[in-house]
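All remarks here apply to the structure that follows.
The values are calculated or read from the model by the stated rules, or taken from the named source; none is laboratory data. In this text the structure is predicted, and so the values were computed from the model without any measurement. Cβ coordinates were reconstructed from backbone atoms using ideal geometry, including for glycine residues, and neighbour counts include every protein chain displayed. For accessibility, only protein heavy atoms count, side chains too; no ligands or nucleic acids. Shrake-Rupley method; radii C 1.70, N 1.55, O 1.52, S 1.80 Å.
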Amino acid sequence: MLKFVVCEDNNIFLVNDCQLINQLMMNTNIEYKIIRCGDYNADLKNAIKADGPKVYIIDLELPTKMGLEIVREIRTADYYSQIIISSAHYELENKAFKSKLMILDFISKYDEHDEKLREAL
């Protein structure tokens, strides 16, 4: 089973990202599950520790922990899953890629977000 882990504190973007995943996955025979997190919490910690392929969509600015710190934690436990950063802070794109955390894509929330997320997925 493929797990999508969406960690986003803005409920509009959280719902939108999950809807986009559902639309894309309806056209496949792949069994999947979406794990929604509004912040760094037990659900996210458990998802990071869980086995199996995952696609993470992580916001950079969360209430209790910064997104790049979460990405470092993911990479410590999970070397192979894909990570997409979704952020309103487009100026942090270079920092995210230079962090050497094997990020698949960095998507600005305000620059063709849906289209770019669809392409990344």
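Mind checking which residues of segment 3-44 are charged (D, E, K, R), under 16 Å from Lys65 (Cα atoms) and open to solvent by less than 80 Å² (accessible area, probe 1.4 Å)?
Glu8, Asp9, Asp39
Within segment 32-48, can you find the residues that are at pLDDT 95 or above and either closer than 19 Å to Asp111 by Cα or assigned to a loop (DSSP other than H, G, I, E, B) (or both)?
none
Counting only residues that are touching a residue at least 40 places away in the same chain (Cβ under 8 Å) and part of a loop (DSSP other than H, G, I, E, B), which one in segment 105-121 is least open to solvent (accessible area, probe 1.4 Å)?
Lys109
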